[in-house]
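First comes the structure, then the notes that go with it.
The values are calculated or read from the model by the stated rules, or taken from the named source; none is laboratory data. Because the structure is predicted, anything quoted here is derived from the model rather than measured. Here Cβ is always computed from backbone atoms with ideal geometry, including for glycine, and neighbour counts include all displayed protein chains. Side chains included, ligands, DNA and RNA excluded: accessible areas come from the protein's heavy atoms. Shrake-Rupley method; radii C 1.70, N 1.55, O 1.52, S 1.80 Å.
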Amino acid sequence: MWVPPEDKDPVVQHAPARKSVALFGAVNVFDGRLVSMIAPKFDASTFRGFMGKLLRHRRRSRKMVVILDNARYHHASVLNPFLGHHRETLSLEFLPPYSPELNPIERVWKLTRRLCTHNQYFPSLDNLVDSVSSQLSLWGKPNIVLSKLCCII
């Protein structure tokens, strides 16, 4: 930033940059459908809520296998009663630590950022959330884009 030499300690106005939301997501391997949930933060209770939503999209005759990274809230002890109750229908499989390249949902997040946020200005966090939500709702239906992106055959 250039400041004239006669000005001392200029005040620069800028928007707060630390607002955030959490976005959970999973891709159905049978049809490429994305199940997602926006939450105020990543923690065990919001993750449990997402798992409940994910179970509602499960095929009745099939066991659901969810592949996860090693975030602390995925291993929280408060999840044990929920996971124990659903152990017949739900299995959590964890990727090796520090290996995001193995997680197919990371490719979905990269494409989402490219389609929804690149070369755009969002005056508020709500505008950003609206942009991303509209793309997520399109992917909530069976689609070939996510099937190919996640190498689902």
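Out of the residues in region 86-113 that are of a type in the set (D, E, K, R) and closer than 15 Å to residue 23 by Cα, state the one that is surrounded by the most Cβ atoms within 10 Å (Cβ to Cβ). Give the steps one after another, and end with the answer.
Our first condition is that a residue be of a type in the set (D, E, K, R); within region 86-113, this holds for 87-88, 93, 101, 106-107, 110, 113.
Those still in the list that are closer than 15 Å to residue 23 by Cα too: 106-107, 110, 113.
Working: 106: 14, 107: 17, 110: 11, 113: 11.
Applying the filter and picking the extreme gives 107.
Going through 147, 77 one at a time, which residue ends up being touching a Gly at 6+ places or on another chain (Cβ under 8 Å) and of a type in the set (Ser, Thr, Tyr)?
Only one candidate passes the filter, namely 147.
Considering only residues that are of a type in the set (Val, Ile, Thr) and farther than 21 Å from residue 22 by Cβ, look in region 114-153 and name the one that is surrounded by the fewest Cβ atoms within 10 Å (Cβ to Cβ). Walk me through how you get there before you give the answer.
Restricting attention to region 114-153, the residues satisfying the condition of being of a type in the set (Val, Ile, Thr) are 117, 129, 132, 144-145, 152-153.
From what is left, the residues that are farther than 21 Å from residue 22 by Cβ are 144-145, 152-153.
On the way: 144: 10, 145: 13, 152: 15, 153: 5.
By that ranking, first place goes to 153.
A quick yes/no check of all residues on (1) assigned to a loop (DSSP other than H, G, I, E, B); (2) surrounded by 12 or more Cβ atoms within 10 Å (Cβ to Cβ); (3) among the charged types (D, E, K, R); (4) at pLDDT below 95:
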residue: 7; (1), (2), (3), (4): yes, no, yes, yes
residue: 13; (1), (2), (3), (4): yes, no, no, yes
residue: 17; (1), (2), (3), (4): yes, no, no, yes
residue: 23; (1), (2), (3), (4): no, yes, no, no
residue: 37; (1), (2), (3), (4): no, yes, no, no
residue: 53; (1), (2), (3), (4): no, yes, yes, no
residue: 84; (1), (2), (3), (4): no, no, no, no
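Could you please tell me which pairs satisfy a Cβ distance under 8 Å, a separation of 6+ or placement on different chains, a first residue in region 61-82 that is of a type in the set (Ser, Thr, Tyr), and a second residue that is open to solvent by 20 Å² or more (accessible area, probe 1.4 Å) and in a loop (DSSP other than H, G, I, E, B)?
Pairs found: 73/42; 73/43.
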